[in-house]
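Below is one structure, written out as structure tokens; the observations come after it.
The values are calculated or read from the model by the stated rules, or taken from the named source; none is laboratory data. A quick note: this is a predicted structure, and the numbers were derived from the prediction, not measured. Cβ atoms come from the backbone with ideal geometry, glycine included; neighbour counts cover every protein chain shown.
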Amino acid sequence: MGRNLAFFSLMLWAQLGWARSFSTSDTNEINHQILKAYYLQAENKLDSSFQLATQILQKANKLNYRKGIAAACMRLGSLYNLKGRNDTALYFMRKCYHLRKNLKDYRGATGACYQLSYIFKEQGKIDSAYYVLLEALRFSSLSNDSAARAYTLNELGYLSMDYQEPDTARYFFDRSLLLARTLEDDYLAYKAHTGLGQYYLQLPDDQRALHHLQMADSLIHLPEFEQNQTARAQSANNLAVCYDRMKWPTQAKRFYRKALRVYQQSENQLEAANTLSNIGLVFYNEQRWDSSIVYLRQAAQIANELKAVVLQTNVALNLADAHSQKGEFEAALMYYRQYQALSDSLLNTEKINSISEMQTLYDTEQKEQRIQLLAEQNRTRMAERNFFIAGSIVLLLGLTSFFIYYHQRRKIARKNAEIAHQKIEKLLNQQEIQSYNAMIAGQEEERQRIATDLHDRLGSMLSTVKLLTSSLQADQEPGKHQKLGKLVDDACVEVRRISHNLSTGMVRSFGLKTALEDLCSGISQSKLIECKLLLYGLEERLHVNTEIGLYRMVQEILNNTLKHAKAKKVIIQVNRTENHLNLTVEDDGVGFNPKLQLKKGLGLNNLESRAQKLNGTFHMDSTPGRGTIAIIDIPLNQTEA
């Protein structure tokens, strides 16, 4: 948690640094909203921050204000990461990273690198996380931002410990501490001392660990850090662990209780439960069974409420041991059965690996012993068997060479077969897409023909009927002629409407904006799904082919949404700048897992094909249970030509 607070402080500093450099009213308003979205996220008001960041992106795109676009992408990437939408988070965060790098906004690029490293670590991509942190180190040097450099060195230290490279970790922590002292920055010094304390605890070197952790605790308790209670609690917890390792139970319990008070006040139930469990274990080591059981039961109650299975398992085993030591064997048996049931639900990888390693070591030792025994038995007969062994070796080499040759031939044959199969499959997919595109083109031509026939032939016939009707003299019931004339007028209007719809008349005649409004209104009136349309920058018409292509893509995406998504709401957003158009369709439906799709459907291939024809790109991101978002980017300067 302390690491996140330090990150937020650096990000606020970075954003304030460039926000003051603009003076126009529009950019000042965007800069103000960027800081507001940042504070909303820091206060855990994620929905409000997300809505504001989306509005910022729309306004910045409209003004082509690239720093504003980068800041909005930064916020959206961070928020999507908190939602577990890592693919979309990476999309926005990489866009932010490249924009700030191209703008030479190195301080902002450093912040983007921090966020990318957190996302990569969550995905288990340690190499990628390490690379972007090294990039952050380079950017902090280019911007002469010593504070960011110290923070980055500290993050690299923790990542090196995850990498199981303790010497490298110590190097980074030492450099971070030296830089913090040069800057006279107490908070950065606290971070560096904490990192070194964790390093020496793993070594283990308890005395040096205690020294650094005490230094960190004295720094975080300075008056200027009074509001940072979470960091103070973490510091107290680190000291308690160290004192417990050094067999100083009184000191360990004092600092555990100090941390517990903060966790309870901040309603951090999981950390409170862990701390209660640790206090119970300290009493257990003192053989004070009653006190140990009291704290362990409190930890078990919170763990059960939170359904924290790992903590439940550990606490159940410790309670079983404590009751057994006290002589309460019935209670001990009950908790031990709970422990067994919880253990069965966990995949204990470390134990499996440990058993596998022990088995391998045992087998190796057994083999070595058998080899030595056989060598002793056969030493006296070795001279007689030299010729046989030499012949066997030659034969073995020959068989091995033949096997390798045969295996390589089979491998090459399989590879050639796979390549041929891939070429055939690619050709079939291309033919299928071409056929589908030809079918769409045929449908467009047929619609145009039907529309023309309706307008020219049936329309002219209805006009003739109307003319003949009006020429008739009024009979005894003139109301009939008036009613007949009205019906003919309605029929003419309906024929014109149908002909316009069939020939994409709404798009051709009134433009993409009006066509999308009509489409969204029709969907909402059906009561099947709520459709919301947000349009920015479509006051002027686009090229008619561009408008028709985008309209058909939206139709196909909405068709998929209605058929498969089971959504209650869909939002269509169109943002147009001078040289660029971005269109997104987002729903709150059931979503899907793109990684489980072995082959894209024809509909998705057709959407990509339509986007490519407009020299643009199509991207779809979805997560089961979290809806789907489709993103279309079109460069207008190329499509308009």
Those residues of the stretch 57-97 which are more than 25 Å from Glu122 (Cβ to Cβ) and of a type in the set (Lys, Arg), in sequence order
Lys59, Lys62, Arg66, Lys67
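So which residues in the stretch 302-313 are over 13 Å from Thr275 (Cα atoms) and assigned to a helix (DSSP H, G or I), if there are any at all?
Step one: list which residues in the stretch 302-313 are over 13 Å from Thr275 (Cα atoms), which gives 304-310, 312-313.
Result: Asn304, Glu305, Leu306, Val309, Val310, Gln312, Thr313.
Of these, Leu281, Leu222, Leu239, Leu270, which one is at pLDDT 85 or above and either of a type in the set (Phe, Trp, Tyr) or within 33 Å of the chain's Cα centre (by Cα) (or both)?
On the way: Leu281 fails: either of a type in the set (Phe, Trp, Tyr) or within 33 Å of the chain's Cα centre (by Cα) (or both); Leu222 fails: either of a type in the set (Phe, Trp, Tyr) or within 33 Å of the chain's Cα centre (by Cα) (or both); Leu239 fails: either of a type in the set (Phe, Trp, Tyr) or within 33 Å of the chain's Cα centre (by Cα) (or both).
The conditions single out Leu270.
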Give the residue, chosen from Asp47, Asp26, that is acidic (Asp, Glu) and either more than 30 Å from Ser266 (Cβ to Cβ) or outside any helix (DSSP H, G or I) (or both).
Asp26
Can Leu46 be described as outside the structural domain of Gly591 (by TED's automatic domain parsing), over 20 Å from the mean Cα position of the chain (by Cα), surrounded by fewer than 20 Cβ atoms within 10 Å (Cβ to Cβ) and in contact (Cβ under 8 Å) with a residue 12 or more places away in the chain?
no
Looking at the stretch 248-270, is at least one residue closer than 18 Å to Leu311 by Cβ, part of a helix (DSSP H, G or I), among the aliphatic types (A, V, I, L, M) and in contact with a Phe, Trp or Tyr (Cβ under 8 Å, 6 or more places away or on another chain)?
no
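So which residues in the stretch 516-551 are of a type in the set (D, E, K, R) and surrounded by fewer than 19 Cβ atoms within 10 Å (Cβ to Cβ), if there are any at all? Lay out the reasoning, then the answer.
In the first step, residues of the stretch 516-551 are kept if they are of a type in the set (D, E, K, R); the result is 517-518, 527, 530, 532, 539-541, 547.
Selection gives Glu517, Asp518, Lys527, Glu530, Lys532, Glu539, Glu540, Arg541.
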Inside the stretch 90-146, the number of residues satisfying the requirement of being over 17 Å from Leu179 (Cβ atoms) and either β-branched (Val, Ile, Thr) or outside any helix (DSSP H, G or I) (or both) is 9
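Taking Asn559 as the residue in question, decide whether it is farther than 30 Å from Arg541 by Cα, at pLDDT below 90 and out of contact with any helix residue (DSSP H, G or I) (no Cβ under 7 Å at 6 or more places or on another chain). If you could, list the steps in order and put the result at the bottom.
Values: farther than 30 Å from Arg541 by Cα: no; at pLDDT below 90: yes; out of contact with any helix residue (DSSP H, G or I) (no Cβ under 7 Å at 6 or more places or on another chain): yes.
Taking the combined requirement at face value, the residue does not satisfy it.
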Taking the stretch 203-229, which residues are surrounded by fewer than 19 Cβ atoms within 10 Å (Cβ to Cβ) and either among the hydroxyl-bearing types (Ser, Thr, Tyr) or not in a helix (DSSP H, G or I) (or both)?
Leu203, Pro204, Asp205, Ser218, His221, Leu222, Glu226, Gln227
Only listed residue being touching a helix residue (DSSP H, G or I) at 6+ places or on another chain (Cβ under 7 Å) and closer than 25 Å to Ala42 by Cβ, chosen from Gln227, Gln264, Gln251:
Gln264
